[in-house]
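Here's the structure we're looking at; comments come further down.
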Amino acid sequence: MHSGVASPADRRLSALIRHLEGASNAMDSDTITASPTSGFPGARNSVFEHVVRAPEDPILGVTVAYNKDSSPLKLNLGVGAYRTEEGKPLVLNVVRRAEQMLLNDSSRVKEYLPIVGLADFNKLSAKLILGADSPAIQENRVTTVQCLSGTGSLRVGGEFLARHYHQRTIYIPLPTWGNHPKVFTIAGLSVKTYRYYDPVTRGLNFQGLLEDLGSAPSGAIVLLHACAHNPTGVDPTPQQWEQIRQLIRSKALLPFFDSAYQGFASGNLDADAHSVRLFVADGGECFVAQSYAKNMGLYGERVGALSIVCKSADVASRVESQLKLVIRPMYSNPPIHGASIVATILKDRNMFQEWTIELKAMADRIINMRQQLFDALRSRGTPGDWSHIIKQIGMFTFTGLNSEQVAFITKEYHIYMTSDGRISMAGLSSRTVPHLADAIHAAVTRVV
Amino acid sequence: MASAMLSLASASPSASLSLQENLKISWKRGTSSRINFLGSDFSKTKSFTRTSMTVAVKVSRFKDITMAPPDPILGVSEAFKADTHEMKLNLGVGAYRTEDLQPYVLNVVKKAENLMLERGENKEYLPIEGLAAFNKVTAELMFGADNAVIQQQRVATVQGLSGTGSLRLAAALMERYFPGARVLISSPTWGNHKNIFNDARVPWSEYRYYDPKTVGLDFDGMISDIKAAPDGSFVLLHGCAHNPTGIDPTPEQWEKIADVIQERNHIPFFDVAYQGFASGSLDEDASSVRLFAARGMELLVAQSYSKNLGLYAERIGAINVVCASSDAAARVKSQLKRLARPMYSNPPIHGARIVSNVVGNPELFNEWKEEMEMMAGRIKSVRQKLYDSLCAKDKSGKDWSFILKQIGMFSFTGLNITQSENMTNKWHVYMTKDGRISLAGLSSAKCEYLADAIIDSYHNVK
């Protein structure tokens with residue numbers, strides 16, 4: 001419990017004082033105090049006077065800015081959502097089929113799911129990431145709970161660890177998805193980083209990674225991107241993964257995988273799960289957050305799962321019971337629609353096959369865009385080594401552009417990306433590649 | 001977790017080797033093993049790692065975790081499912097059932113879903129604050145489209161994960177922007193309220209509400225406790241159909257509650273989970289909230305469409321913050337977004353689209369109102385039937401009229417824990433331990449059986 005701080009009267013008084021003190025106070029640029037004539041006549045001052053306007057989320061805010069732009073040339077390479085060659089969002093055929101089946105099934109109801117979510121979905125999700133023959137599953141050592149996509153899975157896992165794990169430090173790669181530090185901090189963990197990206201090679205700083213994880217305190221949690229690292233697209237090789245595994249196990253560090261691109265990175269579901277399965281195969285414990293936002297195109301349905309691989313079935317069952325205590329006061333139980341779609345597809349052999357084909361098509365188109373962009377920059381003679389575009393994997397490319405160059409590109413070419421120079425290849429098409437190549441060329445030659 | 005034991009699976013005497021040398025050895029082995037991603041060679045990789053040197057800890061890091069008890073409300077349904085007795089009755093969770101005791105998907109919902117599929121809408125991420133069309137209609141439903149708070153754009157509305165999720169966002173806002181401020185909750189209240197505020201680290205205290213002597217509202221106690229709380233507290237009020245008691249203040253009492261809240265500079269925080277479901281009328285069930293808004297008060301309202309649109313599992317609701325100015329509302333909304341982003345990024349689309357299709361379409365909206373009247377009507381009629389059965393069977397002279405006076409899905413029977421347990425153990429009637437029964441789970445056909453169970457538990461068990 002917090003000890004009492006300012007009373008409401010004090011807060012209102014401070015707001016008034018800040019207002020009267022004038023522009024010298026930094027808060028003024030954020031706090032816009034309502035004029036006495038605004039609002040309901042006779043209304044008192046707002047108790048929310050001290051609430052400042054939050055800035056737009058840096059990633060999702062890119063789309064907000066893009067939407068405001070009226071240029072016909074505008075291109076959104078901000079948020080990682082797949083686009084077709086025509087630049088349109090895509091709902092997979094197999095997803096539409098599953099939805100039609102669900103709608104046609106008159107026995108379906110909308111009753112509350114259990115706190116841990118749809119049972120079928122949970123079992124199938126565990127099999128998808130760990131492998132159908134995983135001994136951990138066969139030995140009942142895995143607890144899987146349906147969560148709100150990747151974010152929700154990370155948050156629930158983080159809250160659980162903050163409550164029940166002895167080491168409250170989590171190491172996240174530098175750089176990582178912008179929302180990671182926020183999720184873990186608010187969950188109650190303390191966030192540290194380990195070196196990951198090497199801007200010189202535009203590849204993995206493997207030595208730095210080993211050193212930093214090597215000096216982490218025993219038992220610390222380590223966030224690992226299962227494949228298609230976001231934002232860099234740089235993944236360890238299988239041999240490097242093995243070394244990472246050995247280091248992590250030798251220091252009893254706890255691996256927490258974020259798997260948001262299974263099947264989307266290489267086009268192959270098993271290949272993209274290799275890192276996770278490597279760890280599970282040694283009999284150790286780990287956390288895995290799964291998302292179906294990209295690989296099944298279910299972005300807005302918020303479907304995902306948190307799997308915790310434990311030493312024993314008994315531990316897994318107790319862990320699950322405690323996960324429920326995290327979930328119930330957060331949203332009670334998860335949404336049914338997306339999970340039902342996933343379960344329908346995963347449990348039907350034909351639909352599963354259909355899915356893998358559509359998934360590979362998306363992954364292939366992205367690989368194709370990488371090649372096209374690389375070729376376009378080469379043909380323009382753009383200075384620099386751009387081979388990282390075809391070496392990096394997954395939806396994103398870390399271009400290496402700095403924030404001035406990014407701002408320049410947005411202003412002059414109406415191309416939107418996050419300020420770290422990350423572009424979503426999924427947002428490109430054969431038609432728009434030349435425009436982007438021109439923009440990069442201009443930025444690199446004119447802006448330093 | 002002091003001892004993390006490392007053991008080596010293979011025969012290699014590598015315990016004495018440095019990490020560096022260990023890695024070198026495994027690297028050498030690694031390079032000779034070809035890894036094929038198309039599955040068939042995966043087993044090679046697996047067996048390689050089994051003979052590699054470093055194995056994970058033997059003892060679980062989570063070995064000391066205790067088994068948490070089942071949720072007191074949701075756990076009831078789980079227990080009910082496991083029961084095989086033919087007369088079993090689930091009066092636990094508040095989910096509407098038809099006379100045949102089947103779950104009910106509203107016709108308007110099926111129509112809306114068909115429309116949505118026909119249109120072939122995409123599944124892109126919603127903005128953090130949710131579906132704009134949904135946010136618009138939900139605020140209008142709550143306050144009335146022509147209400148000043150809406151006209152003046154003074155409501156910050158953010159789509160939330162049904163009632164729970166909306167309450168949690170509000171609690172997170174309270175913790176961050178009103179540190180030390182407490183929330184007053186009714187005694188009793190929905191079991192999950194305390195959990196939400198505990199997890200959000202918002203201190204809470206209780207105001208008297210239920211009077212077991214009258215099986216009615218302890219109005220003086222309520223006013224007195226609200227008055228006594230520190231200036232600027234949040235007061236959690238059930239907009240209609242109080243859960244678990246079913247006892248609502250009268251309009252005159254609401255006025256007095258608003259008086260004392262204004263007097264003490266408290267902030268009213270309404271939980272509205274049953275709009276339309278309590279009386280059958282959407283406007284009537286919104287009257288308490290609108291009464292407060294009409295006084296120019298700033299307030300919070302958490303909404304849920306679980307019951308009134310039967311969208312339980314879709315998790316659709318909203319948090320509304322009525323502010324003194326449109327600028328304050330915009331700032332508050334931006335901060336609610338900042339709290340939602342690290343929780344789940346953005347909310348699920350499906351339920352939001354259903355609601356905006358139903359509420360936004362005049363024909364479907366009217367049809368909804370009819371279905372809602374039907375559901376509320378069925379509950380009123382089983383209340384009557386249960387009351388009649390109790391009066392007919394119980395000769396003790398006990399006054400059962402509270403069953404008719406209470407409103408909404410639930411009835412607070414006044415049974416204590418032991419008596420409630422008797423209901424379950426002897427009669428296979430599942431309910432929550434606080435004596436709450438969900439009339440939504442009761443059929444006319446079972447009223448007499450339930451009356452027998454209640455009379456037995458009340459009179460024969462202490």
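The values are calculated or read from the model by the stated rules, or taken from the named source; none is laboratory data. Only a predicted model underlies this, so the values are computations on that prediction, with no experimental measurement involved. Virtual Cβ from ideal backbone geometry, glycine too; neighbours counted across all protein chains shown.
A compact table of results
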item	result
The range A:231-250 - residue that is crowded, with 22+ Cβ neighbours inside 10 Å and more than 8 Å from chain B (Cβ to nearest Cβ) and, of those, nearest to A:F184 (Cα to Cα)	A:P231
Of all residues making up the range B:106-133, the number that are under 24 Å from the mean Cα position of the chain (by Cα), of a type in the set (A, V, I, L, M, F, W, C) and surrounded by 17 or more Cβ atoms within 10 Å (Cβ to Cβ)	7
Tally, over the range A:228-244, of residues that are over 12 Å from the mean Cα position of the chain (by Cα) and not in a helix (DSSP H, G or I)	6
Qualifying residue in the range B:71-89 (condition: in a loop (DSSP other than H, G, I, E, B), farther than 16 Å from B:A440 by Cβ and at pLDDT below 90)	yes
Single match in A:I345, A:I409, A:I423, A:I415 (criterion: touching a helix residue (DSSP H, G or I) at 6+ places or on another chain (Cβ under 6 Å), closer than 30 Å to A:I129 by Cβ and surrounded by 22 or more Cβ atoms within 10 Å (Cβ to Cβ))	A:I345
Conditions (1) more than 12 Å from every other protein chain (Cβ to nearest Cβ); (2) surrounded by fewer than 20 Cβ atoms within 10 Å (Cβ to Cβ); number of the one not met by A:G214	(1)
Selection count, the range A:70-114, where residues are out of contact with any strand residue (DSSP E or B) (no Cβ under 8 Å at 6 or more places or on another chain) and surrounded by 16 or more Cβ atoms within 10 Å (Cβ to Cβ)	11
Elements of type helices (runs of 4 or more DSSP H) contained in the range A:307-398, each with 1 or more residues being in contact (Cβ under 8 Å) with a residue 40 or more places away in the chain and either under 15 Å from A:F264 (Cβ atoms) or within 14 Å of chain B (Cβ to nearest Cβ) (or both)	A:313-331, A:336-347, A:349-380
Top-ranked residue of the range B:177-215 - restricted to ones that are more than 9 Å from every other protein chain (Cβ to nearest Cβ) and surrounded by fewer than 18 Cβ atoms within 10 Å (Cβ to Cβ), ranked as farthest from B:K405 (Cα to Cα)	B:S205
Candidate set: the range A:262-280, residues that are buried (at least 23 other Cβ atoms within 10 Å of the Cβ) and of a type in the set (A, V, I, L, M); chosen: the one farthest from A:S153 (Cα to Cα)	A:A265
Scope the range B:230-244; condition part of a loop (DSSP other than H, G, I, E, B) and crowded, with 20+ Cβ neighbours inside 10 Å; matching residues	B:G232, B:S233, B:G239, B:C240, B:A241, B:H242, B:N243, B:P244
Residues within the range B:334-345 that are within 7 Å of chain A (Cβ to nearest Cβ) and at negative phi, tallied	8
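Matching residues to (1) more than 23 Å from B:P69 (Cβ to Cβ); (2) more than 9 Å from every other protein chain (Cβ to nearest Cβ); (3) at pLDDT 95 or above; (4) part of a helix (DSSP H, G or I):
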{"residue": "A:K110", "(1), (2), (3), (4)": "yes, no, yes, no"}
{"residue": "A:P114", "(1), (2), (3), (4)": "no, no, no, no"}
{"residue": "A:G117", "(1), (2), (3), (4)": "no, yes, yes, no"}
{"residue": "A:D120", "(1), (2), (3), (4)": "yes, yes, yes, yes"}
{"residue": "A:T144", "(1), (2), (3), (4)": "no, yes, yes, no"}
{"residue": "A:G150", "(1), (2), (3), (4)": "yes, no, yes, yes"}
{"residue": "A:A162", "(1), (2), (3), (4)": "no, yes, yes, yes"}
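Residues are listed down the side, and each one gets a yes or a no for (1) part of a loop (DSSP other than H, G, I, E, B); (2) more than 12 Å from chain A (Cβ to nearest Cβ); (3) under 27 Å from A:E301 (Cα atoms):
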residue	(1), (2), (3)
B:G246	yes, yes, no
B:W254	no, yes, no
B:A258	no, yes, no
B:G280	yes, yes, no
B:S288	no, yes, no
B:A293	no, no, no
B:S306	yes, no, yes
B:A313	no, no, yes
